[in-house]
1. From the list G141, G153, which residue is touching a residue at least 40 places away in the same chain (Cβ under 8 Å), open to solvent by 10 Å² or more (accessible area, probe 1.4 Å) and either over 25 Å from N70 (Cβ atoms) or within 16 Å of the ligand (Cβ to nearest atom) (or both)?
2. Please state which of the following conditions S98 fails to meet, knowing it meets all the rest: (1) open to solvent by less than 50 Å² (accessible area, probe 1.4 Å); (2) within 16 Å of the ligand (Cβ to nearest atom); (3) in a helix (DSSP H, G or I); (4) touching a Phe, Trp or Tyr at 6+ places or on another chain (Cβ under 8 Å).
3. When residues of region 226-250 are filtered for being within 15 Å of the ligand (Cβ to nearest atom), closer than 22 Å to A285 by Cβ and either charged (D, E, K, R) or assigned to a loop (DSSP other than H, G, I, E, B) (or both), how many remain?
4. What is the one condition in (1) touching a residue at least 24 places away in the same chain (Cβ under 8 Å); (2) in a loop (DSSP other than H, G, I, E, B) that S170 does not satisfy?
5. Tally the residues that are open to solvent by less than 60 Å² (accessible area, probe 1.4 Å), modelled with pLDDT of 95 or more, more than 18 Å from S172 (Cα to Cα) and touching a helix residue (DSSP H, G or I) at 6+ places or on another chain (Cβ under 7 Å), restricting the search to region 208-250.
6. Just give me the residues in region 237-252 being more than 14 Å from the chain's Cα centre (by Cα) and not small (G, A, S), in sequence order.
Amino acid sequence: MSQTLAKMRFNCAKARETVERTKTEHFAIGAFNIDNQDTLIAICKAAQKTKSPLMVEVSHGEVKAIGLQNLRCMVDNYKLEYGIEMYINLDHSPDVESAKKGIDAGFEFIHIDVSQERHDASVAEIIEATKEVVSYAKFTGALVESEPHYFGGSSNVHEEAFDYEEIKKSFSTPEDAKHFVEATGIDTFAAAVGNLHGSYPVPKQLDLELLSRIRNAIDCNISLHGGSDTPGHFFEEAVKIGVSKINVNSDMRRVYRDTLVKVLEDNPSEYAVMKLMPTVIDAIADIVEGKLKSFNAVGRAVV
Ligand SMILES: [Zn+2]
């Protein structure tokens, strides 16, 4: 069942209040991808245990797998059942139409990322598309996130290391960030300061000095994508500097698959797979809980 417009606006207004609180209370809202109900349950358990506000997020592929309305209903139902503060983020929506559908479905956070689909999209094209989504989002009050560049990596476990010097070339600059924020009117700027999609053999490192300079250059919220495989102390510092949202996917995917493989191997005669899932769910919940602690989000939920 779809939400009423009044409900959508209420949720979006509350999401905005929480994002505002990230600035004064110095914490970040964790954004955790889901591609099935097990992962959603794990996120809810971690949110309930730590009393942290958070958002589930879905990429284009994950939306295809579950469905926009189904996601909205699942999140609303679990939010009530667990008594938690939880929102939905449409992650890396590849075009304006997809973003509009997320807004229509009552998602509180919309990330429009034209360059994900078309790596060669010009800054002018990205600005144009982002402006259209910002304008459309005013209907519900959804918060719009974007950036003028393509984010490297993919949300998977990679065997290959990455070349940090090469990654540096795609870092955000304070000047570009300021121009993009002013040209688009976005709520949240997705900064690239060493964060990279995916999990790699070497841990990532964030350029916190650059993050500080970007923070000083723009007024809007800042998000960090690619929060997996990053030592927690970087996040502790990043939230002090002023990051409002941090995305995590690969760390959860890794523990999901590895734990599932192990419980299947350990229980070769069990065909009621749901009986094996609590172990998997608890392993994912532990990952989420660890992230929420490093985001300084514990105890920040307002239900
Ligand atoms: Zn991302």
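The values are calculated or read from the model by the stated rules, or taken from the named source; none is laboratory data. None of the values given here were measured: they were computed from a predicted structure. Neighbour counts run over all protein chains shown; Cβ positions are idealised from the backbone, glycine included. All accessible areas refer to the heavy atoms of the entire protein, side chains included, with ligands and DNA or RNA removed. Shrake-Rupley method; radii C 1.70, N 1.55, O 1.52, S 1.80 Å.
1. Numbers: G141 fails: either over 25 Å from N70 (Cβ atoms) or within 16 Å of the ligand (Cβ to nearest atom) (or both).
Answer to the selection: G153.
2. Every listed condition holds for S98 apart from (4).
3. Number satisfying all stated conditions: 7.
4. (1)
5. Residues meeting the conditions: 1.
6. Let us first name the residues in region 237-252 that are more than 14 Å from the chain's Cα centre (by Cα), namely 237-242.
Of everything in region 237-252, those that are more than 14 Å from the chain's Cα centre (by Cα) and not small (G, A, S) turn out to be E237, V239, K240, I241.
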